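S.K.: One structure, as structure tokens, below. Some questions next.
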Amino acid sequence: KIGNNKYNNSKKKKKKKNGIESVNLISDEDDYKNYKREDIVRQINECKQALLLQTTTNNEQKSDNDMSFYGRFEKNFSDILEKLKHRTNNKHEQIMAENEDNDKEDSFVIDIVCYGIGNFYKAYSVPMLQLSSILLLRDYLISKQNYDSVNMYYYEPWMKPTEKLILINDLDITIIDENERGKRSAELNRPTLFYMPHCPMRLYSNVLWANWENLENIIIFGNSFVSYQEKASTGAPALRSLFDPSSSSSSLNCMAKVLPYVMEIFTPVFLNSKDRK
């Protein structure tokens, strides 16, 4: 889900009156009023710090299964950048020319576009962890690349006013004001990461269509395209038709068109419940 429904996400609060137990519904709007900007910023920084501290151990001596969340996250994204390095060296030589004496790596991600994170104001919630992860990834990219900054753009249809202030003023993130429905085209010679954890298939397809003439310029961090195909194979006929080459419906699904050419690298997205405590 991209946004929260204040009724579906209501909390139940029980209280007794004259010995009779009653239940009141507390909407997310009421709950949101209890969260302060400075507390949310502090909790985001705590999430980032907790993830970073997990990488202080010697991850090289551990298997992937034993490695911490951010250790696996960083290792797998390093693998992605290494593969992109060989694929994009010639295409983006002009971007790096002025930085020949720099000891950092070539730049492979200059812009980050975030879709589907959700409301992050609740302490240590999944959306807060998702936001903390992409902030760490931005820091990592800046440290590894020739570029001194990585632009980040963010869209959330149910964004709270305090969240917007935090994103703009505290985290240096640009807000996308209109619902683009994922139809944002990456600029030429500006490699772009679309950070889209657990978004609907249609949103991924829209991103692919919008960048159809320049697909080598984008990375999508999100659900496995292969998993969508596998689920469709056992799903309803309408869903199966989206991945059936003989069906006219498959022509509408850009994901089906690119699957034979997609390189997928699996990487963790969240802390597990043990690490989160």
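S.K.: Please identify the chymotrypsin sites (Phe, Trp or Tyr not before Pro) of segment 148-196 that satisfy two criteria: DSSP loop assignment and at most 16 other Cβ atoms within 10 Å. Which are they?
M.R.: Values: sites: 153, 154, 155, 158, 194, 195; in loops: 158.
Those satisfying the criteria are 158.
S.K.: Report the full-extension gain for the segment residue 213 to residue 171: residue separation times 0.36 nm, less the Cα-Cα distance, to one decimal in nm.
M.R.: Details: separation 42, 0.36 × 42 = 15.12 nm, distance 3.18 nm.
Separation in residues times 0.36 nm, less the Cα-Cα distance, equals 11.9 nm.
S.K.: Could I ask something else about it? Would you mind counting up the charge near residue 162? Only other residues with Cβ under 9 Å from its Cβ, with Lys and Arg at +1 and Asp and Glu at -1.
M.R.: Numbers: positive: 36, 37, 160, 164; negative: 163.
In short, +3.
S.K.: Multiplying the sequence separation of residue 267 and residue 75 by 0.36 nm and subtracting their Cα-Cα distance, what value in nm do you get? Display every interim value, and only then the final one.
M.R.: Numbers: separation 192, 0.36 × 192 = 69.12 nm, distance 0.87 nm.
The residue 267-residue 75 span can extend by a further 68.2 nm.
S.K.: What full-extension length gain, to one decimal in nm, is calculated for residue 247 and residue 231 as 0.36 nm per residue of separation minus the Cα-Cα distance? Walk me through the numbers on the way to the answer.
M.R.: Working: separation 16, 0.36 × 16 = 5.76 nm, distance 1.72 nm.
Result for the pair: 4.0 nm of gain on full extension.
S.K.: Amide H of residue 114 versus every other amide H placed in the peptide plane: which residues, excluding those fewer than 5 positions away on the same chain, fall under 5 Å?
M.R.: Under 5 Å from the amide H of residue 114 lie the amide H atoms of 153, 154, 155, 195, each far enough along the sequence or on another chain.
All of the numbers you see were taken from the coordinates with simple rules; none came from a lab. What you see is a predicted model, and the numbers here were worked out from it, not measured in a lab. Every residue, glycine among them, receives a Cβ derived from its backbone with ideal geometry; neighbour counts consider all protein chains shown.
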